[in-house]
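Chemist: Here's a structure for you.
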Amino acid sequence: MNAQRTQVLPLAKGKAMLIALALSLPLAIAARPAPAADHLMTTPPATFKKVSSLVKLPDYLPGLGTLYVDPKTLPVGPFLGYNHKGKLVNIVYMVPSKDLDAHKNLNGLGEVAAGMKIDHTDIQYNPGHPGVEEPHYHIVQWLISPAAVKAEM
């Protein structure tokens, strides 16, 4: 019985090390500043358009900021949210409820945030609005603290 335990233990250690590596990798990536991430902090990419120029919404949405999106990524996004000072404060994904119900895979959503430090993530249900009329969830990756969200947004 002890022989079986010692044979299983190295396998368990290997899995534990693999899990630890997988969990620490995003931290190592986020710790390195990426030049593209620095640029995004004040300027959306050229392919991104102000959401208010695409659909009937105000330029600034309380709680989210001024949103920009690459139209070819609709409805999911990413949407880049900038505060009143023009600083990127969040990255939003608008995932249709029907896609979640259908168990649809959504791969590569966080790529735009590579090199950025995410402070926290909120998930909020939305019954629909101009641009994304169907029920969906906002997945909001905040780059600022909850206290800053309250103060700035």
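Chemist: Kindly state which helices (runs of 4 or more DSSP H) lie completely within the stretch 11-101 and contain at least 3 residues that are at pLDDT 90 or above.
Modeler: Numbers: elements: 35-40, 51-54, 97-101.
Here the list reads 51-54, 97-101.
Chemist: (1) open to solvent by 60 Å² or more (accessible area, probe 1.4 Å); (2) among the small types (Gly, Ala, Ser); (3) at pLDDT below 95: which one isn't true of ALA147, the others all being true?
Modeler: Status for ALA147: all satisfied but (3).
Chemist: Only one residue in GLY131, GLY108 is at positive phi and in contact (Cβ under 8 Å) with a residue 12 or more places away in the chain, so which one is that?
Modeler: On the way: GLY108 fails: in contact (Cβ under 8 Å) with a residue 12 or more places away in the chain.
The unique qualifying residue is GLY131.
Chemist: Find all pairs meeting these conditions: Cβ atoms under 7 angstrom apart; at least six residues apart or on different chains; first residue within the stretch 61-83 and at positive phi; second residue assigned to a strand (DSSP E or B).
Modeler: Between residues of the stretch 61-83 that are at positive phi and residues that are assigned to a strand (DSSP E or B), the close pairs are GLY65/GLY81; GLY65/TYR82; GLY65/VAL89; GLY65/ASN90; GLY77/VAL69; GLY77/VAL92; GLY77/TYR93; GLY77/MET94.
Chemist: If a residue has to be within 18 Å of VAL69 (Cα to Cα), within 10 Å of the chain's Cα centre (by Cα) and not aliphatic (A, V, I, L, M) to count, how many in the stretch 109-143 make the cut?
Modeler: So the answer is 5.
Chemist: From the list LYS98, LYS117, exactly one residue is over 20 Å from SER53 (Cβ atoms), touching a residue at least 60 places away in the same chain (Cβ under 8 Å) and open to solvent by 40 Å² or more (accessible area, probe 1.4 Å). Which is it? If you could, list the steps in order and put the result at the bottom.
Modeler: Details: LYS98 fails: touching a residue at least 60 places away in the same chain (Cβ under 8 Å).
Result of the check over LYS98, LYS117: LYS117.
Chemist: Filter the stretch 111-122 down to residues that are part of a loop (DSSP other than H, G, I, E, B) and at negative phi, then give me how many there are. Let's see the steps before the verdict.
Modeler: Of all residues in the stretch 111-122, those part of a loop (DSSP other than H, G, I, E, B) come to 114-119.
From the residues that got through so far, the ones that are at negative phi too are 114, 116-119.
Total meeting the criteria: 5.
The values are calculated or read from the model by the stated rules, or taken from the named source; none is laboratory data. If you're wondering where the values come from, they're calculated on a predicted model, not measured in any experiment. Here Cβ is always computed from backbone atoms with ideal geometry, including for glycine, and neighbour counts include all displayed protein chains. In case anyone asks, the SASA skips ligands and DNA or RNA and just uses the protein heavy atoms, side chains included. Shrake-Rupley method; radii C 1.70, N 1.55, O 1.52, S 1.80 Å.
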